[in-house]
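Novice: Before we start, here is the structure in question, set down as structure tokens.
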Amino acid sequence: MVRITEDLVRKKAEHNEREIFSLEELSLHQENIEKIENLDKWCKHLKILYLQSNLIPKIENVGRLKKLVYLNLALNNVEVIENLEGCESLEKLDLTVNFVGELTSIECLKRNIFFKELYLTGNPCSQYEGYRDYVIATLPHLKTLDGTTVEKSERIIATQNYGVIRARVIQQQIEYKKKREKEKEEARQEEEKERLEKEEEEKVNKPGFDGTWYTDINVDKNERTKRELEQLEKEHAKDKEFWDSKSVFSPEERIKAHKKQEEQKDREKKKEEAKNPPKPPRRLFAEDGRPLNVNESKINFKLTEDETGNSYLLDYNCYKYLETSLIDVDVQPHYIRIKTKGKIFQLALDQEVNADSSTCQRSQITGNLLVTMPKAKQIVKPAMKPANKEENKENVNNTDKKKPSKTYEKLEVDEKARKTVDIGDIVKEKSDNIVPPLGSRPICKTRVERPNSEQFVDNPDVPPLE
């Protein structure tokens, strides 16, 4: 049994950003639903509800949907029209190919003043004598019945003969109810018979059973395969017989056909699984706990180190237009794992890294993912001074050569000048070349007074020099 769950409703509300409180349109067709529930609590603002091609036997839990305008219940197992009085805004009801036999149940729609369209094609009540006239006279606001517009003259004639038509409809309903009770009893008997046959088949088809009790250990594999093939042939023959035989138009037969379809699907699924067994789950760790390298997404990557050698740099070439929310990055001390649309990429690291200090960036141009993972053990290196290119070239060229010793060249002096010039007095004494340091007091030398010239005249008014 498939139930209407919150997850199912949210899945069908993708057009409303998965918000169900303000949902106005909901489609739950072909979901094998067997009961209407919870919609009046979760989706009070619903205006359009599609529930066709399910197995719903009863209209219920829709009376609180005050804004509901259109309800589609075609191809279900509904037998009575009920519980729609509270749908104040209801304008259209589709019950095509159901099992409505109680035609008088449409009287519950009298108070729905906005109700305009009704579809009952394919229901047993549509075969009643006076069916159209009774529906038109019962629902004064109806404008379309089974896709045909209701004429004014038609409504007048139906209203004039309403008493006679209603009595005739009620008589036909009573006959139909007797027929339905008989069909239900036959369906119960047939179901009980099938159950007993199934139990007997399970006993007979038990592995190793041929009238005596023994285990299937000694049964040959070929014999077992032969029996399985025979069983499959029997089931195929039964299915063919079921679909070729004539069936009664009733809710029980529809449910039986649905179950038969489900059984065939399960059988086909088992055959496919036997031919193509499912792959074992992907292993992410070895038996000793060591992380394994995995690349399910088959995306190119490049793992390098930075200039200092203290960090790992992972360049992950993910898809350019992939939404970032579909990428999940998990950095651990000994491995990194990236999930791309559910597919796993895992890479083991040679050295331990600091997961808390790791960073992840994505390029807005290429879409690549760059993960920086600092190593736990940092290496400290001295800072290298940049060297000149010319010095580097000289060092490379002179690596195999010995350093030349310093040579001093002698000063060449002409022999004639040597006789006239005293070479030894060219360089002054070291004491004369001493330069006092900056800011120090100059060294005072003793002054030698030279004698006055003959023309010198001493003026007594001039003070002496100190």
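Novice: If each of THR121 and THR5 carries a label point 7 Å out from its Cα toward its Cβ, how far apart are those two points in nm?
Specialist: The modelled label-to-label distance comes out at 3.7 nm.
Novice: Ok, one more. Loop only by DSSP, 11 or fewer other Cβ within 10 Å of the Cβ. Give me the GluC sites (Glu not before Pro) in the range 136-191 that pass, ordered by residue number. Intermediate results must be reported in sequence, preceding the final value.
Specialist: Numbers: sites: GLU151, GLU154, GLU175, GLU181, GLU183, GLU185, GLU186, GLU190, GLU191; in loops: GLU151.
For GluC sites (Glu not before Pro) across the range 136-191 that sit outside H, G, I, E and B with at most 11 neighbouring Cβ atoms in 10 Å, the list reads GLU151.
Novice: For the range 69-108, what's the relative contact order in percent, using C-alpha pairs closer than 8 Å and at least 6 residues apart? Numbers along the way, then the final one.
Specialist: Values: 57 pairs, mean separation 21.9, N = 40.
Once normalised by length, the contact order is 55 percent.
Novice: Compute the distance in nm between two label points, each set 7 Å from the Cα along the Cα-to-Cβ direction, one at ASN61 and one at ARG227.
Specialist: 4.5 nm
Novice: Further, regarding this structure: Within a Cβ distance under 11 Å of ASP146, other residues only, what is the Lys/Arg minus Asp/Glu net charge?
Specialist: On the way: positive: ARG132; negative: ASP94, GLU117.
Every neighbour counted, the sum reads -1.
Novice: Which cross-chain or sequence-distant (5 or more) residues have an amide H under 5 Å from the amide H of SER250, H modelled 1.01 Å from N in plane?
Specialist: Here nothing satisfies the definition.
Novice: Just the ratio, please: alpha-carbon radius of gyration of the range 224-276 over 2.2 N^0.38 Å, N its number of residues.
Specialist: Scaled against compact globular proteins, the figure is 1.35.
Novice: Starting from the Cα of ARG290, step 7 Å along the direction of its Cβ; do the same at LYS377; then give the gap between the two resulting points in nm.
Specialist: Computed distance between label sites ARG290 and LYS377 equals 1.8 nm.
Novice: Then there is this: ASN38 to LYS240: extension gain in nm, 0.36 nm per residue of separation minus the Cα-Cα distance? Please list the in-between numbers first.
Specialist: Working: separation 202, 0.36 × 202 = 72.72 nm, distance 3.95 nm.
That pair, ASN38 and LYS240, stretches by 68.8 nm at full extension.
Novice: For the range 228-332, which chymotrypsin sites (Phe, Trp or Tyr not before Pro) are both in a DSSP coil and crowded by at most 15 other Cβ atoms within 10 Å? Don't skip to the end; give the middle numbers.
Specialist: Working: sites: PHE242, TRP243, PHE249, PHE285, PHE301, TYR312, TYR316, TYR319, TYR321; in loops: PHE249, TYR319, TYR321.
Counting only loop positions with at most 15 other Cβ atoms within 10 Å, the chymotrypsin sites (Phe, Trp or Tyr not before Pro) in the range 228-332 are PHE249, TYR319, TYR321.
Novice: Post the alpha-carbon centroid distance, the range 166-200 to the range 309-379, in whole angstrom.
Specialist: Distance between centres, Cα-based: 67 Å.
Novice: How large is the Kirkwood hydrodynamic radius of the range 6-175, counting all unique pairs of alpha carbons, in Å?
Specialist: Numbers: mean 1/r = 0.0602 Å⁻¹.
One over the average 1/r among Cα pairs gives 16.6 Å for the range 6-175.
Novice: On average, how much area does the Cα convex hull of the range 271-360 cover when viewed from any direction, in nm²?
Specialist: Numbers: hull surface 33.0 nm².
If I average the Cα hull's projected area over directions, I get 8.3 nm².
FYI, it's all coordinate maths here, none of it is from the lab. Nothing here was measured: the structure is a model prediction, and the numbers come from that model. All Cβ positions, even for glycine, are placed from backbone atoms using ideal geometry, and neighbour counts span all protein chains on display.
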